[in-house]
Every structure is written in structure tokens, then in C-alpha cells.
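Reviewing the structure listed below.
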């Protein structure tokens, strides 16, 4: 699909953490990448929501696929449960640092990277030194 950009879904136990990371990443991309925060439970508590992940996948997908970055343990389990019901290939769950991975994925997606390149960029953010 022409003009399609890889989307990103950030799955966190905290709605505020997911929204903050999404806001940071969106500012880096200049708003060219669909970044969806899927944080917290449906009733606003700490935890994860399969419904929010499903909605996030739909909202983030512009036709080039979606990279999903979870924050902690059960977020991974929630995403995996959602992905069991979806056809393969268009959504990639990535083991990456949450904030650094979101920024790296967003920069790569904004530059026109394909699904694999965006996933690799997020995962490789684990090796970015801060000091």
C-alpha cells in the first residue's frame, strides 16, 4: 500500500506510562506514525486489557503492519492472547526496552522502514548506551 507506515502499539500496565511514551515518540516522528497507547485496565486500574490491545492494533494499522511493545510480564501475555486470534505476519510483538524501543521504532517507521526494520530497531534499542 502506497503511503502506509508501520504503526506502533504501546502496551503498559499504566495508562499514564503508555500515554507518556506515545506522546514522546509522536513528537520525535512529527506525527507521521500512528502510535497508540494501550495502558491500564478497562476500568482505569493498573493492569492490561485485551480489548485495549485489540482496539490499538486496529487504530495503529495503516496497511504496513504494527509493532507492539509491552512493558512487563503480563502485558506480554495479554498481547500473545490477543494475537492467537489474528492472522500472522502483520503484527510483531517485540522484546525491547519500552521507551527507547518506542522511540527507535517510531524513528524507523517515520523514515519508511518496513515491519521487520521497525521491529529490529526497537529490539536493538536495548544496546543503546546512556553513559
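Among the listed residues 123, 96, identify the single one that is surrounded by 21 or more Cβ atoms within 10 Å (Cβ to Cβ) and either more than 11 Å from the chain's Cα centre (by Cα) or part of a loop (DSSP other than H, G, I, E, B) (or both).
Being surrounded by 21 or more Cβ atoms within 10 Å (Cβ to Cβ) and either more than 11 Å from the chain's Cα centre (by Cα) or part of a loop (DSSP other than H, G, I, E, B) (or both) holds for just one of 123, 96, which is 96.
Among the residues of the range 99-120, how many are touching a helix residue (DSSP H, G or I) at 6+ places or on another chain (Cβ under 7 Å) and surrounded by fewer than 17 Cβ atoms within 10 Å (Cβ to Cβ)?
1
For the range 1-18, give me the residue count where each residue is assigned to a loop (DSSP other than H, G, I, E, B) and closer than 18 Å to residue 74 by Cα.
2
In the range 19-58, what residues are within 12 Å of the chain's Cα centre (by Cα), over 15 Å from residue 74 (Cα atoms) and touching a residue at least 40 places away in the same chain (Cβ under 8 Å)?
Within the range 19-58, 21, 22, 25, 26, 33, 35, 56, 57 qualify.
Just to be sure I understand, how many residues within the range 19-31 are at pLDDT below 95 and either crowded, with 24+ Cβ neighbours inside 10 Å or assigned to a loop (DSSP other than H, G, I, E, B) (or both)?
Result for the range 19-31: 2.
Run residue 74 past the list (1) at pLDDT 95 or above; (2) over 11 Å from the mean Cα position of the chain (by Cα); (3) surrounded by fewer than 19 Cβ atoms within 10 Å (Cβ to Cβ); (4) part of a helix (DSSP H, G or I) and report the number of the one that doesn't hold.
It fails just one condition, (1).
Assess whether residue 68 counts as being in contact (Cβ under 8 Å) with a residue 24 or more places away in the chain, in contact with a strand residue (DSSP E or B) (Cβ under 7 Å, 6 or more places away or on another chain) and assigned to a strand (DSSP E or B).
yes
Do you know which of the residues in the range 77-89 that are loosely packed, with under 14 Cβ neighbours inside 10 Å and in contact with a helix residue (DSSP H, G or I) (Cβ under 8 Å, 6 or more places away or on another chain) is modelled with the highest pLDDT?
81
State all residues of the range 34-48 that are farther than 24 Å from residue 118 by Cα and either in contact with a strand residue (DSSP E or B) (Cβ under 6 Å, 6 or more places away or on another chain) or surrounded by fewer than 21 Cβ atoms within 10 Å (Cβ to Cβ) (or both); if no residue qualifies, say none.
Within the range 34-48, 41, 42, 43, 44, 45, 46, 47 qualify.
Looking only at the range 77-93, count how many residues are within 15 Å of residue 8 (Cβ to Cβ) and assigned to a loop (DSSP other than H, G, I, E, B).
1
The values are calculated or read from the model by the stated rules, or taken from the named source; none is laboratory data. Just so we're clear, the structure is a prediction, and the values are computed from it rather than from any experiment. Cβ atoms come from the backbone with ideal geometry, glycine included; neighbour counts cover every protein chain shown.
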